[in-house]
Amino acid sequence: MSGREMAFIQQAFRENYITTCGSNLQNFEKSLAAITGTQKAVALNSGTAAIHLALKVLEIQAGDEVICASFTFVATANPILYLQAMPVFVDSEPETWNMCPDALESAIQDRIKKGKKPKAIIIVHLYGMSAKINQLLAIAQQYQIPVIEDAAEALGSTYENQALGTFGEVGIFSFNGNKIITTSGGGALVTNNPTYAKKALFLATQAKDLAPHYQHSEVGYNYRMSNIAASIGLGQLELLPERVQKRRAIFQFYQESLRNYDFIHFQPEPTACFSNRWLSCFVLTQDQALKAEKIRNALAADNIESRPLWKPLHRQPLFNAYPYYGHEVAENFFDTGLCLPSGSDLTDDDLERIVQVIHKELI
């Protein structure tokens, strides 16, 4: 927290709008739309809720198939199951660590051959890095399949100077406590389609029909962000450029400090991509893979938390019975990779301490 948030929180108290309406909520949505360059933003209580509503506005039904990146957090795919639809998982590629265009096209073609054309594609921008969005969108457009962008980790990131989360029909962001900015818990859906935004807001507020009494014709959800959470978000949005700058500086420190280990490869940043570097992550070469766990244990012994990269969803017990297309790129990332401490409040001393532990383990 910066302290700037308190002014907005105090304003909410003065206006006596604490729950799911108020000027701060409206202004947070307007600010987010302006920052991302979209027409509409709908503030919600989580990024997961945003994915769920994105699927709903695209009219995903029970039994439909939805293509989803495998190398991501479980929240990307759980909403597919909420709707009793079926996830179809797709592998990553090594240049961005995100969805592989070749594997995507193979998945679409095979599902069509099986008589089940996918109804949506969820592309993830992992750790703040853009996927090969132009190639993926071209494939989606060729087969006329709408795209949802899971930019939960990518606020402040761009591709060709366009904000991630704004290329598909619907984009989503997360403001959970571990993201680059936070509203304590929260998320948002953004879109250039006013009809989608209106429908998402309707569903997020219990699907109340226009009537002087409470009348409901379809299932709704209690997904709206509170005015207090939005107040925190307004203060945090002011800090976004600083947060991105700090995260990128942390990444550059790690990359420079560990440059002499030729078996360590940090997540690349291809031309035209600009990553917020939400997390600083690397993979090891296959012959050095066991060192990832040794580094993690050495850091943990010094009370420093690090984690493996995401475990691919097609290897999760919850999802291992669903179709998967690709090879072992995402699996190799999980087996050989590590996320280093990346919080915006890390000091120079903190960073030196972290790399010294790594050096000691690798020497």
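The values are calculated or read from the model by the stated rules, or taken from the named source; none is laboratory data. Quick caveat: nothing in here was measured; it's all calculated off a predicted structure. Every residue, glycine among them, receives a Cβ derived from its backbone with ideal geometry; neighbour counts consider all protein chains shown.
The table for this structure:
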item: Of residues in segment 311-335 being in a loop (DSSP other than H, G, I, E, B) and in contact with a strand residue (DSSP E or B) (Cβ under 9 Å, 6 or more places away or on another chain), the one farthest from Asn78 (Cα to Cα); result: Gly326
item: One residue from Ala43, Ala33, Ala50, Ala54 being among the small types (Gly, Ala, Ser), surrounded by 17 or more Cβ atoms within 10 Å (Cβ to Cβ), within 17 Å of Asn192 (Cα to Cα) and over 16 Å from the mean Cα position of the chain (by Cα); result: Ala33
item: Single unsatisfied condition, Asn178 versus (1) of a type outside the set (Gly, Ala, Ser); (2) modelled with pLDDT of 95 or more; (3) under 27 Å from Ser344 (Cα atoms); result: (2)
item: In segment 336-350, the residues that are surrounded by fewer than 18 Cβ atoms within 10 Å (Cβ to Cβ) and either part of a helix (DSSP H, G or I) or in contact with a helix residue (DSSP H, G or I) (Cβ under 7 Å, 6 or more places away or on another chain) (or both); result: Ser344, Asp348, Asp349, Asp350
item: Yes/no for Tyr322 being in the same structural domain as Asp349 (by TED's automatic domain parsing), aromatic (Phe, Trp, Tyr) and either within 30 Å of Ile80 (Cα to Cα) or buried (at least 17 other Cβ atoms within 10 Å of the Cβ) (or both); result: yes
item: Check on Pro118, over 19 Å from Pro241 (Cα atoms) and touching a helix residue (DSSP H, G or I) at 6+ places or on another chain (Cβ under 6 Å); result: yes
item: Segment 1-29, subset surrounded by 14 or more Cβ atoms within 10 Å (Cβ to Cβ) and aromatic (Phe, Trp, Tyr), residue farthest from Phe175 (Cα to Cα); result: Tyr17
item: Failed condition for Ser344, given (1) touching a residue at least 24 places away in the same chain (Cβ under 8 Å); (2) within 24 Å of Thr285 (Cβ to Cβ); result: (2)
item: Any hit, segment 228-243, residues being farther than 24 Å from Ala12 by Cα and hydroxyl-bearing (Ser, Thr, Tyr); result: no
item: Neighbours by Cβ (under 8 Å, 6+ apart or cross-chain): first from segment 126-147, farther than 18 Å from Leu58 by Cβ and in the same structural domain as Trp97 (by TED's automatic domain parsing); second basic (Lys, Arg) and surrounded by 22 or more Cβ atoms within 10 Å (Cβ to Cβ); result: Tyr127/Arg277; Gly128/Arg247; Gly128/Arg277
item: Every residue from segment 43-65 that is part of a loop (DSSP other than H, G, I, E, B) and among the hydrophobic types (A, V, I, L, M, F, W, C); result: Leu58, Ile60, Ala62
item: Number of positions in segment 314-363 that are more than 19 Å from Leu299 (Cβ to Cβ) and charged (D, E, K, R); result: 3
item: Condition check for Phe173: free of Cβ contacts under 8 Å to residues at least 40 places away in the same chain and of a type in the set (Phe, Trp, Tyr); result: no
item: Of the criteria (1) exposed (fewer than 13 other Cβ atoms within 10 Å of the Cβ); (2) outside any helix (DSSP H, G or I); (3) not aromatic (Phe, Trp, Tyr), which one Gln356 fails; result: (2)
item: Output for segment 13-42, where each listed residue is over 14 Å from Gly165 (Cβ atoms) and not in a helix (DSSP H, G or I); result: Asn16, Tyr17, Ile18, Thr19, Thr20, Cys21, Gly22
item: Subset of segment 237-266 (residues that are surrounded by 14 or more Cβ atoms within 10 Å (Cβ to Cβ), in contact (Cβ under 8 Å) with a residue 60 or more places away in the chain and more than 14 Å from Ser342 (Cα to Cα)); result: Leu237, Glu238, Leu239, Leu240, Ser257, Leu258, Tyr261
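Condition check ((1) of a type outside the set (Gly, Ala, Ser); (2) in contact (Cβ under 8 Å) with a residue 40 or more places away in the chain) across all residues:
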{"position": "Val88", "(1), (2)": "yes, yes"}
{"position": "Asp91", "(1), (2)": "yes, yes"}
{"position": "Pro101", "(1), (2)": "yes, no"}
{"position": "Gln109", "(1), (2)": "yes, no"}
{"position": "Lys113", "(1), (2)": "yes, no"}
{"position": "Lys117", "(1), (2)": "yes, yes"}
{"position": "Ala120", "(1), (2)": "no, yes"}
